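Trainee: This structure is in structure tokens; I'll ask about it shortly.
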Amino acid sequence: MTQQTHKLPHPFVALVPVLLLVILVGAAVWLYGADALNGGSQMALLLATAACLLIGKLAVNAHWHSFEKSFHKNIKNISTALIILLIIGALSGTWMISGVVPLFISYGIQLIRPEFFLLSAALISALVSVITGSSWTTVATIGVALLGIGRAQGFDDGWIAGAIISGAYFGDKMSPLSDTTILASSISGTPLFTHIKYLWITTIPSMIITLIVFAVAGLSYITVSSDEIALYQQVLAARFNLSPWLLLVPAITVLLISRRYPPLITLFLAMLVGAVAAIIFQWKNLLEIGNGESIIHGVKGVVMSCTESTKLEAGNVEINSLIATRGMQGMLNTIWLIICATCFGAAMSATHMLESITNALTRYIHSTVGLVSSTVATGVLANLSMGDQYLSLILTGNMFKDLYAKRENESRLLSRSMEDSVTITSVLIPWNSCGMTQSTVLGVSTLTYFPYAIFNYVSPLMSIAVAAIGYKIFKRTEPIVKEDEL
């Protein structure tokens, strides 16, 4: 690695803010439970940030302006993601109120047999995510529908969300349209499709293991009776006009994705199309939400479905909860948490604490498996401390790029190790932007789905295992292997 021009804190000192954050977030979850996102977790992050800055000042005389500079840079990097979050909130509202999600639920509980639901949910999410290149889009659209189907069939939220997230992050990792895939390849200096083909070596075995687990779990799960499933269908049909024409909404969205419009534009237009569909097919529901009978009240219902929490009475407690929406308003706690997490990441960066921890790890690297293991560990640690997968990818790549070159390892080994750790584990951390977003969109806490997101913790272990056996690990001094030989 390049020679340091600044003083680094001792690794044990650098670990103090991270350990403090884990303790404080754990205390917030213990005290507030599911309501920890309403302020407890944010305060934990701010207190850990303050501790980090104080320790940094005492240990390495870190300056306040360095923190401000780092914070401004990090906020700039995540600003688009914050806007996307708001639009996802609006999209979730319009797709629910328009009947798109209820239609998917109604069709799904008819077509997907309960014993194969978890397997199907993972495969469907994977397919959609590969096509869209976005786990966030996948979870916010088909993921919400699959959650409703799974609940109707009697599955626990943890299993359902775990299957959805496993599939969504498979696609997020493998799609050439994925921003994290492009970012990992560009940071490491690896051609995009070389990077993707190299990912197959660890990703396919991880996904096979995941699918086997979900297949076995589905076959052994005790689901609800067909009478309860029929009740779901009847209640949804009575509450919504479930016209097949509503399928035009996701069809238009897929078209936008295929034309490679930016995610921000795609999601915004998908939200608008959903709003138009709500006006055409669910006018009575909009009037109910708008609390009136005039056109103005119908328009108010559309706006409220985008921006506020809405509830429709369906005569069934579970379905009432399922079809309730939160809109942009429901994303504000998540955005608040992301900003606080960005503060902590900026503090860790400005005080060079994360750099110190990584350097300590690299001193003990004497083999390729040690190099990959250190990269994976740093990626996970960066997710824990930076609170955002994009920042973590950039940090991990920049820290290890020179070390991989010095050891004559190919750049694609670095890019794969980054994807196997940073991209995949970000959704498992409650205060990371991915963990916060997916738990908010699905309404299932990170700790609830953590044990069931099989793919997301098998992948980093698979990365280390493949490096340990030395399969397809090449040195730069060796002849370049053609992509079709992989």
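Trainee: Test each condition in (1) assigned to a helix (DSSP H, G or I); (2) surrounded by fewer than 21 Cβ atoms within 10 Å (Cβ to Cβ); (3) in contact (Cβ under 8 Å) with a residue 24 or more places away in the chain; (4) not acidic (Asp, Glu) for Ile365 and report the one that comes out false.
Mentor: Failing condition for Ile365: (1).
Trainee: Do any residues in segment 173-184 that are modelled with pLDDT of 75 or more and of a type in the set (Ser, Thr, Tyr) have Cβ atoms under 7 Å from those of residues that are surrounded by 20 or more Cβ atoms within 10 Å (Cβ to Cβ) and in a loop (DSSP other than H, G, I, E, B), where the two are at least six apart or on different chains, and which pairs are they?
Mentor: Ser175/Gly133; Thr181/Ser175
Trainee: Just wondering, is there one or more residues in segment 438-460 that are aromatic (Phe, Trp, Tyr), assigned to a helix (DSSP H, G or I), at pLDDT below 85 and under 13 Å from the mean Cα position of the chain (by Cα)?
Mentor: There is no residue in segment 438-460 that is aromatic (Phe, Trp, Tyr), assigned to a helix (DSSP H, G or I), at pLDDT below 85 and under 13 Å from the mean Cα position of the chain (by Cα).
Trainee: Hey, another quick one. Failed condition for Leu414, given (1) touching a residue at least 40 places away in the same chain (Cβ under 8 Å); (2) surrounded by 24 or more Cβ atoms within 10 Å (Cβ to Cβ); (3) closer than 26 Å to Val213 by Cα, with all others met?
Mentor: (3)
Trainee: In segment 23-45, what residues are surrounded by fewer than 16 Cβ atoms within 10 Å (Cβ to Cβ) and either assigned to a helix (DSSP H, G or I) or modelled with pLDDT of 85 or more (or both)?
Mentor: Selection gives Ile23, Gly26, Ala27, Trp30, Leu31, Tyr32, Gly33, Ala34, Asp35, Asn38, Met43.
Trainee: Pick out the one residue from Leu393, Leu322, Leu332, Leu403 that is modelled with pLDDT under 80, hydrophobic (A, V, I, L, M, F, W, C) and either surrounded by fewer than 22 Cβ atoms within 10 Å (Cβ to Cβ) or not in a helix (DSSP H, G or I) (or both).
Mentor: Just a single option satisfies the conditions, and that option is Leu403.
Trainee: Next question, about the same structure. Counting only residues that are touching a residue at least 24 places away in the same chain (Cβ under 8 Å) and surrounded by fewer than 16 Cβ atoms within 10 Å (Cβ to Cβ), which one in segment 74-114 is farthest from Tyr390 (Cα to Cα)?
Mentor: Gln110
Trainee: Okay, moving on. Return yes when Ser125 is at pLDDT below 80, surrounded by 21 or more Cβ atoms within 10 Å (Cβ to Cβ) and closer than 27 Å to Arg416 by Cβ and no when it is not.
Mentor: It is false that Ser125 is at pLDDT below 80, surrounded by 21 or more Cβ atoms within 10 Å (Cβ to Cβ) and closer than 27 Å to Arg416 by Cβ.
Trainee: Also, quick follow-up: Look at Ser106 and say whether it is closer than 22 Å to Gly162 by Cβ and modelled with pLDDT under 85.
Mentor: Considered against the rule, which asks whether it is closer than 22 Å to Gly162 by Cβ and modelled with pLDDT under 85, Ser106 comes out as no.
Trainee: Determine, yes or no, whether Val139 is in contact with a Leu (Cβ under 6 Å, 6 or more places away or on another chain), among the β-branched types (Val, Ile, Thr), at pLDDT 80 or above and crowded, with 24+ Cβ neighbours inside 10 Å.
Mentor: So Val139 fails the test.
Trainee: Can you tell me which residue is surrounded by the fewest Cβ atoms within 10 Å (Cβ to Cβ) among those in segment 338-358 that are among the aliphatic types (A, V, I, L, M) and in contact with a Gly (Cβ under 8 Å, 6 or more places away or on another chain)?
Mentor: Ala350
Trainee: Is it the case, given these coordinates, that Asp172 is out of contact with any Cys (no Cβ under 7 Å at 6 or more places or on another chain), farther than 17 Å from Val254 by Cα and acidic (Asp, Glu)?
Mentor: no
Trainee: Please tell me if Gly158 is at pLDDT below 85, over 21 Å from Ser411 (Cα atoms), surrounded by fewer than 23 Cβ atoms within 10 Å (Cβ to Cβ) and not hydrophobic (A, V, I, L, M, F, W, C).
Mentor: Against the criterion (at pLDDT below 85, over 21 Å from Ser411 (Cα atoms), surrounded by fewer than 23 Cβ atoms within 10 Å (Cβ to Cβ) and not hydrophobic (A, V, I, L, M, F, W, C)), Gly158 does not qualify.
Trainee: If you don't mind, there's one more thing I want to ask. Being crowded, with 20+ Cβ neighbours inside 10 Å and either in a helix (DSSP H, G or I) or modelled with pLDDT of 90 or more (or both) narrows it down to one residue among Thr190, Thr202; which is it?
Mentor: Result: Thr202 is the single residue among Thr190, Thr202 that is crowded, with 20+ Cβ neighbours inside 10 Å and either in a helix (DSSP H, G or I) or modelled with pLDDT of 90 or more (or both).
Trainee: Let me ask something else about it. Any residue at all in segment 150-162 that is in contact with a Pro (Cβ under 7 Å, 6 or more places away or on another chain), under 22 Å from Ile424 (Cα atoms), part of a loop (DSSP other than H, G, I, E, B) and small (Gly, Ala, Ser)?
Mentor: No; the residues of segment 150-162 include none that is in contact with a Pro (Cβ under 7 Å, 6 or more places away or on another chain), under 22 Å from Ile424 (Cα atoms), part of a loop (DSSP other than H, G, I, E, B) and small (Gly, Ala, Ser).
The values are calculated or read from the model by the stated rules, or taken from the named source; none is laboratory data. Just so it is clear, the structure is predicted and the values come from calculations on it, not from any experiment. Heads up, the Cβs are rebuilt from the backbone with ideal geometry, glycines too, and the neighbour counts pull from every protein chain shown.
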